[in-house]
Amino acid sequence: MGIKGTAKLRLFYISWQSPSFSYLCRALGVSIYNRFRMIKIEKFVFNSFQVNSYILQSGSGECAIIDAACYEDNEKQEMKRFIEKNNLKLVRNLTTHCHVDHIFGNGFTAKTYGIYPEYHEASVPFLATAAEIAGSFGYSLVDNPPPARYLVDGDKIRIGDVVLEVFYTPGHADGSVCFYNKEQGFVFTGDVLFRDTIGRTDLPSGNFDLLMKSIREKLFTLPDDTVIYAGHGPESTIGYEKQNNPFVR
């Protein structure tokens, strides 16, 4: 059934959470309703390494953290307030890789919400030395919770009505993964790919050739307008990086 002009205008002015919106969309078809449910991504910058932590919010009110990097108490409370203020239900804690700057908040998340981290099994060796590495930078890492599960390449992760596909993308570090949403066209790249640069390969398990392979075969095959949410720095797009990134042109 087609959407008449008046109904189409009303669709944009009625909140998707309101009974009127639900009633209208049931009349028009469930597919219309699903199309207009909102996905929101909130970015936080945590700890002295300036790690980007993200909260991915689905239209159903469920949410996931990508890289829980909060360390200081005020950082933890900032994330907690956001979840509470927006009436969200945290259901996943997803880790792009287990370098210490990306996992500081895993203990807090496990204790506060009962949600344990999910990461690739190849990341496990980093956890064995995480407390020592943290101490060398003046940090204390006491809580290092076990994983809820290990991620594997090709996994489909559901957060409410949002689906993220797991790409295994080593090179910066063993166990590095990216999370891709095809429907809305965005990807969380961790420390694999940034705006105008790439992840370091001079740390343990780093491998430049392997990183190039991950970028070219897993990321540069995505549509050019795919938005990149990286582990540090500003957003970018796949198309921009293909044209301008000096390390992979």
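At-a-glance table
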quantity	calculated
Any hit, the stretch 136-146, residues being assigned to a helix (DSSP H, G or I), farther than 20 Å from L56 by Cα and without any contact (Cβ under 8 Å) to a residue 60 or more places away in the chain	yes
Selection count, the stretch 154-178, where residues are part of a loop (DSSP other than H, G, I, E, B) and free of Cβ contacts under 8 Å to residues at least 24 places away in the same chain	2
Among residues of the stretch 131-155, those that are under 30 Å from N181 (Cα atoms) and touching a helix residue (DSSP H, G or I) at 6+ places or on another chain (Cβ under 7 Å), counted	3
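Residues checked against (1) over 29 Å from P246 (Cβ atoms); (2) crowded, with 16+ Cβ neighbours inside 10 Å; (3) of a type in the set (A, V, I, L, M, F, W, C):
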{"residue": "N93", "(1), (2), (3)": "yes, yes, no"}
{"residue": "T109", "(1), (2), (3)": "yes, yes, no"}
{"residue": "Y113", "(1), (2), (3)": "yes, no, no"}
{"residue": "T129", "(1), (2), (3)": "yes, no, no"}
{"residue": "N144", "(1), (2), (3)": "yes, yes, no"}
{"residue": "G185", "(1), (2), (3)": "no, no, no"}
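Throughout, read-outs are computed from the coordinates displayed, never taken from laboratory work. All values reported here derive from a predicted model rather than from experimental measurement. Positions of Cβ are generated from backbone atoms using ideal geometry, with glycine treated the same way; all protein chains shown enter the neighbour counts.
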